[in-house]
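Colleague: This is the structure, below, for whatever I ask next.
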Amino acid sequence: MSGSVPDGLGELLARAGGAGHPPWLTLLKPGDWALLLAAALLVAASYPLLWSGSAADRAIVKRDGQLVTELALNAPRKYEVTGVIGTTVIEVQPGRARVLSDPGPRQYCVQQGWLTRVNAVAICAPNHVTLQLSGRGGGNGSHDTLNY
């Protein structure tokens, strides 16, 4: 190879280096722009359909992996669960639930705040208590709180 550029490629590179435009921009044709626009519209339209979590309708409270109770998320109430190191208080409001208080030292489950989406979980590990939201759209393929 003598280091020369083939005729067609040299001409293409000379044209692509146009006045003030990035070289690749001059290579895009109207059909390319239409395809890019269609792809952007498809992503924008699919976002609310595919990435939105469904609404929860009940809270599942477990201690040591065993079901303690299921609470409907349609009326405000508080529920106390006695765990290994004390009492955990679960608060329910219409459409959401949270761990109001827990005897654990770091308060991670309390800091989770309000849970509103299906499969959202608050784990009070020192007290062996978990709060999980469930609903009609909460199949095995749904996202959990680690995916947000």
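Colleague: Taking the simple approach of a point 7 Å from Cα along Cα-to-Cβ for both THR87 and VAL43, what is their distance in nm?
Modeller: Simple spin-label model gives 5.2 nm for this pair.
Colleague: Which of the peptides 38-49, 99-110, 60-71, 77-88 is most tightly packed, and how do the rest follow, going by the mean number of other Cβ atoms within 10 Å of each residue?
Modeller: Ranking, from highest mean packing down: 99-110, 77-88, 60-71, 38-49.
Colleague: If you don't mind, another one. Tell me, Kirkwood radius of region 58-136 from alpha-carbon pair distances, in Å?
Modeller: 12.0
Colleague: What distance in nm separates the two pseudo spin-label positions at LEU25 and THR69, each 7 Å out from Cα along the beta-carbon direction?
Modeller: 6.4
Read-outs throughout are calculated quantities, based only on the coordinates presented, and are distinct from any laboratory measurement. The structure displayed is predicted, hence computed values, not measured ones. Cβ atoms come from the backbone with ideal geometry, glycine included; neighbour counts cover every protein chain shown.
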